[in-house]
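Q: First, the structure itself, so that you have it in front of you.
Throughout, read-outs are computed from the coordinates displayed, never taken from laboratory work. This is a predicted model, so every value here is computed, not measured. All Cβ positions, even for glycine, are placed from backbone atoms using ideal geometry, and neighbour counts span all protein chains on display.
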Amino acid sequence: MGVFPRFMIAAAHKSSGKTVISTGLAAAFRAAGTDIGSFKKGPDYIDPMWLSAASGAPCYNLDFNAMERREIIPFFASRARARDLSMVEANKGLFDGLNPDGSDSNAELAKLLDLPVILVIDTVGMTRGIAPLLTGYTAFDAKVKIAGVILNKVGGARHEGKLRKAVETYTDLAVVGSVWRDRALDIGERHLGLTTPAEMTRMERMIEDFGKIVARSVELDTLQGIAQGAPDLAIPSGGPAPVPQMGQGLRIGIARDTAFGFYYPDDLEAFEKAGAELVPIDMMNDMQLPEIDGLFIGGGFPEMRMEALAGNAALRADIRAKLAAGLPCYAECGGLMYLCESLSWRGETHEMVGAIPARAVMHERPQGRGYVAFTGRASHPWGPHGTVRAHEFHYASIEGLPEGTAFARDMKRGQGIDGRHDAVVLGNTVAGFCHLRSTGPDPWVPRFLSFVAACKGP
């Protein structure tokens, strides 16, 4: 058993303002001296960037698709144990999920972790109508503990009064906050969802503003009391198996800059637990690769930085030569695009690394989006060969790949590179659109490190 003050921020539907409210709560609690940890339901990279920046600590994903149910509780507990308070931000609506039976929904996660739920309600155009919405949500599944509501996008004092009266008259829920409409709470949206903090020059000031607005609009003490009232969490016996030190002494270069930043913090921790050292690389300013044994280029927004990436011809040439000489490399999505010959977006084309003989072309609509499943092919240099669940979200297509290109994955669900395959294999390089998560079902980090170690030799 473990005592972990905790709560979930959820909503009736997506785009209700959950991430702004969650970011503001993280900033407000942090400013008040509370050590708050944050989690995000699902595979998203962008919302956790905001939550991490606001809380000053890594934000961890909880995902039924990539994780086994039995590992979610100990994973959560291991990260929540050191915090005064833990907040889980839902994705989409409280009862939404991929499976019609709700087995992968936010509500199911709330039940699994015994999370009191705070509903953020977009109140635009709503007054008394909030009551049947809330009564319906509280009655739909009695095992989901909806503990309070935050009124969001409220039009003013009169609007707030009507909303509070409806909630108090028809429900037993506490109104723990009322956030009025405010331009300062608009963080902008674009093709991959919410704008990333890395490209916002006023990011720190914006998060500070979020925190101040939420601190005066939400009863933090009431919310903390709800979190502290969460029951003790039953943690399965056993604990994680010891991590083999297959990465001992290995140096893995990792692209970390404003173009590439889509990484799961627990994946990075998995590298370090296996004994590997992660060496950050700025793909726009570093002139050559450092002394490394392997290279990891994650996703991000290379199209937003393609002129600067193209301008660093020295590094592009060095990467191309090192990969051709056998340097092990794993690249995901934006990393795949960067390794191509060129990248085109909005009428502009810029040269990229040229390690993959193809062109990356951005489109107005997503070319692949959502959860995927694939099986590894024999051509995959470091496995796996069973079925893997992952996700993809890309507006790019890869064009001009030569006939006979070797792929590492056969797609069972999802688009990948050509609708049937994903992950180009060239020498010791694997580069695809699918985003992996190193968990029980697919421990890709130790597999990759074992491959790197084998390439390095004794």
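Q: Could you derive backbone 3J(HN,Hα) for the stretch 397-407 from the dihedral phi with the Karplus parameters 6.51, -1.76 and 1.60 (θ = phi - 60°), listing whole Hz in sequence and x where the residue is Gly or Pro?
A: Karplus values, whole Hz, x for Gly and Pro: 10, 10, 10, x, 4, x, 4, x, 4, 7, 10.
Q: Going by a ≥ b ≥ c, the root eigenvalues of the Cα gyration tensor, does the stretch 6-228 fall in the rounded group (a/c under 1.5), the prolate group (a/b larger than b/c) or the oblate group?
A: Details: a/c = 1.45, a/b = 1.08, b/c = 1.34.
Rounded, because the longest to shortest axis ratio a/c is under 1.5.
Q: For the stretch 102-113, take each phi angle, set θ = phi - 60°, evaluate the Karplus expression 6.51 cos²θ - 1.76 cosθ + 1.60, and give the result in whole Hz per residue in order, putting x for glycine and proline.
A: x, 5, 10, 7, 4, 4, 5, 5, 4, 5, 4, 9
Q: Calculate, in nm to one decimal, what THR375 and GLU277 gain on full extension: separation in residues at 0.36 nm each, minus their alpha carbon distance.
A: Stretched fully, the THR375-GLU277 segment lengthens by 32.4 nm.
Q: Relative contact order for the stretch 245-303 using alpha-carbon pairs under 8 Å, separation at least 6, rounded to a whole percent?
A: Numbers: 100 pairs, mean separation 31.5, N = 59.
The normalised contact order for the stretch 245-303 reaches 53 percent.
Q: Taking θ = phi - 60°, what integer Hz values does the Karplus form 6.51 cos²θ - 1.76 cosθ + 1.60 yield along the stretch 409-419, in sequence order, with x for Gly and Pro?
A: For the stretch 409-419, the Karplus curve yields 9, 9, 6, 9, 8, x, 8, x, 8, 10, x Hz.
Q: Where q = 0.14 Å⁻¹, what log10 of I(q)/I(0) comes from the Debye formula for the chain, counting one point per Cα?
A: -1.32
Q: Using amide H atoms built 1.01 Å from N in the peptide plane, name the residues 5+ places from TYR60, or on other chains, whose amide H lies under 5 Å from its own.
A: For TYR60, the qualifying residues are SER38, PHE39, LYS40.
Q: First select every other residue whose beta carbon is under 10 angstrom from the beta carbon of PHE95; then total the charges, Lys and Arg +1, Asp and Glu -1.
A: -2
Q: Among 303-313, 68-78, how do they line up by average Cβ neighbours within 10 Å per residue, starting with the highest?
A: Working: 303-313: 18.2, 68-78: 16.3.
The packing order, highest mean first, is 303-313, 68-78.
Q: Around MET283, which amide H atoms from residues at least 5 apart in sequence, or from another chain, sit under 5 Å from its own amide H, with H modelled in the peptide plane?
A: The list, which skips near neighbours in sequence, is ARG256.
Q: Next up: Going 7 Å from the Cα of ALA324 toward and past its Cβ, which residues in the stretch 250-285 have a backbone nitrogen under 11 Å from where you end up?
A: Answer for the stretch 250-285: none.
Q: Here is a further query. Roughly speaking, what % of Cα-Cα pairs in the stretch 265-371 are separated by over 23 Å, rounded to a whole number?
A: The calculated P(r) of the stretch 265-371 puts 30 percent of pairs beyond 23 Å.
Q: Here's another thing I want to ask about it. Starting from the Cα gyration tensor of the stretch 285-431, take the square roots of the eigenvalues, sort them a ≥ b ≥ c, and report rounded, prolate or oblate (rounded when a/c is under 1.5, otherwise prolate if a/b is larger than b/c, else oblate).
A: Note, shape of the stretch 285-431 comes out oblate.
Q: Also, quick follow-up: Compactness ratio of the stretch 213-286: Cα Rg over 2.2 N^0.38 Å, N = residue count?
A: 1.78
Q: Hey, another quick one. Quick one: in the stretch 88-165, what % of C-alpha pairs are over 18 Å apart?
A: 43 percent
Q: Arrange the peptides 344-357, 17-30 so that the one whose residues have, on average, the most other Cβ atoms within 10 Å appears first.
A: Ranking the peptides 344-357, 17-30 by packing returns 17-30, 344-357.
Q: Below 14 angstrom from the Cβ of MET352, what's the summed charge of the other residues (Lys, Arg +1; Asp, Glu -1)?
A: Combined, the nearby Lys, Arg, Asp and Glu give -3.
Q: Near the amide H of CYS329, under 5 Å away, which other amide H atoms are found, from residues 5 or more places off or on another chain, if H is placed in the peptide plane?
A: The answer is LEU295, THR429, VAL430.
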